[in-house]
1. Hey, can you tell me all the residues within segment A:101-143 that are open to solvent by 30 Å² or more (accessible area, probe 1.4 Å), outside any helix (DSSP H, G or I) and closer than 30 Å to A:Trp196 by Cα?
2. What about B:Ile104, is it closer than 16 Å to B:Leu208 by Cα, in contact (Cβ under 8 Å) with a residue 40 or more places away in the chain, within 11 Å of chain A (Cβ to nearest Cβ) and not in a loop (DSSP other than H, G, I, E, B)?
3. Taking into account only those residues within segment A:9-29 that are open to solvent by 20 Å² or more (accessible area, probe 1.4 Å) and within 20 Å of the chain's Cα centre (by Cα), which is nearest to the other protein chains (Cβ to nearest Cβ)?
4. Among the candidates A:Leu98, A:Leu93, which residue alone is out of contact with any Ser or Thr (no Cβ under 9 Å at 6 or more places or on another chain), in a helix (DSSP H, G or I), within 14 Å of chain B (Cβ to nearest Cβ) and open to solvent by less than 10 Å² (accessible area, probe 1.4 Å)?
5. Does B:Gln39 satisfy the condition of being in contact with a strand residue (DSSP E or B) (Cβ under 9 Å, 6 or more places away or on another chain), away from every other protein chain (no Cβ under 11 Å) and under 29 Å from A:Ala87 (Cα atoms)?
6. Restricting attention to segment A:160-172, report how many residues are in a helix (DSSP H, G or I) and surrounded by 22 or more Cβ atoms within 10 Å (Cβ to Cβ).
7. Assess whether B:Thr76 counts as being in a helix (DSSP H, G or I), modelled with pLDDT of 95 or more and under 27 Å from B:Thr214 (Cα atoms).
8. If B:Ser48 satisfies every condition in (1) in contact with a Gly (Cβ under 9 Å, 6 or more places away or on another chain); (2) more than 9 Å from chain A (Cβ to nearest Cβ); (3) open to solvent by 10 Å² or more (accessible area, probe 1.4 Å) but one, which is the exception?
Amino acid sequence: MGDKKFMKGNNAIAEAAVRAGCRFFAGYPITPQNEIPEYLSWRLPEVGGAFVQGESEVASINMVYGAAAMGTRALTSSSGPGISLKAEGISYLAAAALPAVIVNISRGGPGLGSIQPAQSDYLQATKALGHGGFHAMVFAPNSAQEAVDLVYNAWDYAERDRNPVFILMDGCLGNIMEEVDLPPMKELNDEDIPGWALTRRNDPERDWQLSLTPIYTEEMLEGLNAMAGEMYKSWETEDVKYEEFMLDDAEYVVVAYGIASRVSKEAILKLREQGYKVGLIRPITLFPFPKKVIHDLDYSKVKGIIDVEMTLPAQMHDDIALQVLERCPIYEYGRSGGCLLDDDGVYEALLDIVSGGENNG
Amino acid sequence: MAEYKRSSLIASAPSGYCPGCLHSLATRLISDVLDELGQAQNSLNVISVGCSALNIKYWGGDFLSVAHGRAPAAATGIKRVNPERLVFAYQGDGDLAAIGLAEIMSAANRGENFTVIFANNQTYGMTGGQMAPTTLEGQVTTTTVNGRDPSTTGYPLKMCELISTLKAPAYVARFALNSPKGINQARAGIKKAFQLQMQGKGFTFVELLTNCPTNWHLSPLKTLEYMDTNTIPYFTPGIYKDCEVDAE
């Protein structure tokens, strides 16, 4: 180990994808994720991969669909408005049981929104990445290093489940410059290509038909949807990731992911200096959501949950509320539209709540 | 004497195409050519949406079924990571010339090294006969009940003419499947397109004028006559681009 580099978040995840064995990228320019396609446009050819600048996000996700069907580790990235356009293809990936990784470096919304960072795509990512009632695992890193680590392992989940994996970041994390320790290059050979893939490289002697389709009979489709439901449940027991911070004695628990969790940590440290018992639960997987840790808090001790997000209104609120079950108030603090959370703003908002709370809730 | 036998890539399943529909002839031609070229095993059919999607039942070779209009995008992803496979998409006119117009023009313009077979029957067959971008002026459909009116719906799109304005495509041709002569020319054109792909020459496009007895409300035989009097005069068959001829 020890391949340390000082990198922009977007470039770091692009390099992590290459090292994870990604050999195909298609995407369309949109701020604030442009460094990902720019980096991969020269980097993928260096390792024998292919880069295509698609004519649209719609085309790009369908290019990924084609490459993924060949068993190639494929990636696309975009931001809010572009992810909406990719919704069709993400749904088809899930329908045809194809693994691929989709990155959203999110920005202010709705509509064209703003090009400044925001966490406004939580509901889209966790509830409906497309039509038809499917889910993808959603990872939400809060640093360039964690983004590298999650992207590096993303295809392992995608191929295990034969389902797309979604990485939800925001413009802050995409553009932050941080030291990252890059993992080694995964050397994937033709023998590593999954057996269902439409390539014949992994078994040149094979003489039977290979096919992949999102079209099924009604009974088959019902059966596959039921199986997908079982898979989502298994994620809740097997794959939930979260971080606890100063939680043991906390009377107020902040729930925040991604960039909001970093700003919240600073505020919590400052509040702790003043004797306020504040802690943090940071979901790393947004889907599956870390339900149990929130459900199992000691509500005889916890006086309030504070949902901090860089979006208005807070989008994680309902997922939290389903675990809190009215055992304590849930407060919200956020900024939106591309206005950033900052240390002072979060500190003052949390202070107002933990010092009385009468102005909130 | 020619040997008559089942094409290796046509699965043994009852046909769901309407009686007299030329889709079945078109897929038969493609399969025959792939057999002839020894590419049956190596071929990959990118099956689109519409009546062409029925091929998921009848196509016995490898295939990937994709979203409406996106076959050229999916084929791009396929071919870029597996250039050794012979890749073709089979698309209808609603699929290719309306919802998939960006994908077909962009793939053609990039010179992607695969083949698109375009079945043009001037209607959306699967959904019940609505107006397609290729529907002829005055043609009655379920969304143009008084006939297609160019003042509000524009004119039928000529895809071969459009694509042949691009520099990258290697081969662009249109054939009509309503006569033995046209069928033989189409077979030769499909073969040429596949051969050029195998030589890495780039994007190849074969438009096949087909019919829709059900939604044209004509008997199969009458559709063939209709094509002679209506379709062919507007969609002129011919070879619009051939990199081998153009290079001379």
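1. A:Ala128, A:His131, A:Gly132, A:Gly133, A:His135
2. On the way: closer than 16 Å to B:Leu208 by Cα: yes; in contact (Cβ under 8 Å) with a residue 40 or more places away in the chain: yes; within 11 Å of chain A (Cβ to nearest Cβ): yes; not in a loop (DSSP other than H, G, I, E, B): yes.
So B:Ile104 fits the description; yes.
3. First, pick out the residues of segment A:9-29 that are open to solvent by 20 Å² or more (accessible area, probe 1.4 Å): A:11, A:19, A:23, A:28-29.
From what is left, the residues that are within 20 Å of the chain's Cα centre (by Cα) are A:11, A:19, A:28-29.
Numbers: A:Asn11: 23, A:Arg19: 18, A:Tyr28: 11, A:Pro29: 15 Å.
So, considering only residues that are open to solvent by 20 Å² or more (accessible area, probe 1.4 Å) and within 20 Å of the chain's Cα centre (by Cα), the one nearest to the other protein chains (Cβ to nearest Cβ) is A:Tyr28.
4. Details: A:Leu98 fails: in a helix (DSSP H, G or I).
Of the residues listed, the single one that is out of contact with any Ser or Thr (no Cβ under 9 Å at 6 or more places or on another chain), in a helix (DSSP H, G or I), within 14 Å of chain B (Cβ to nearest Cβ) and open to solvent by less than 10 Å² (accessible area, probe 1.4 Å) is A:Leu93.
5. Working: in contact with a strand residue (DSSP E or B) (Cβ under 9 Å, 6 or more places away or on another chain): yes; away from every other protein chain (no Cβ under 11 Å): yes; under 29 Å from A:Ala87 (Cα atoms): no.
So B:Gln39 fails the test.
6. Taking segment A:160-172 and keeping what is in a helix (DSSP H, G or I), we get A:160-161, A:171-172.
Going one step further and asking which of them are surrounded by 22 or more Cβ atoms within 10 Å (Cβ to Cβ), we end up with A:171-172.
Count: 2.
7. Here the answer is no, as B:Thr76 does not meet what is asked.
8. (3)
The values are calculated or read from the model by the stated rules, or taken from the named source; none is laboratory data. These numbers were taken from a predicted model, which means no experiment stands behind them. Here the Cβ is made from the backbone with ideal geometry for all residues, glycine too, and neighbour counts use every protein chain on show. Just so you know, the surface numbers come from the protein's heavy atoms only, side chains and all, with ligands and any DNA or RNA stripped out. Shrake-Rupley method; radii C 1.70, N 1.55, O 1.52, S 1.80 Å.
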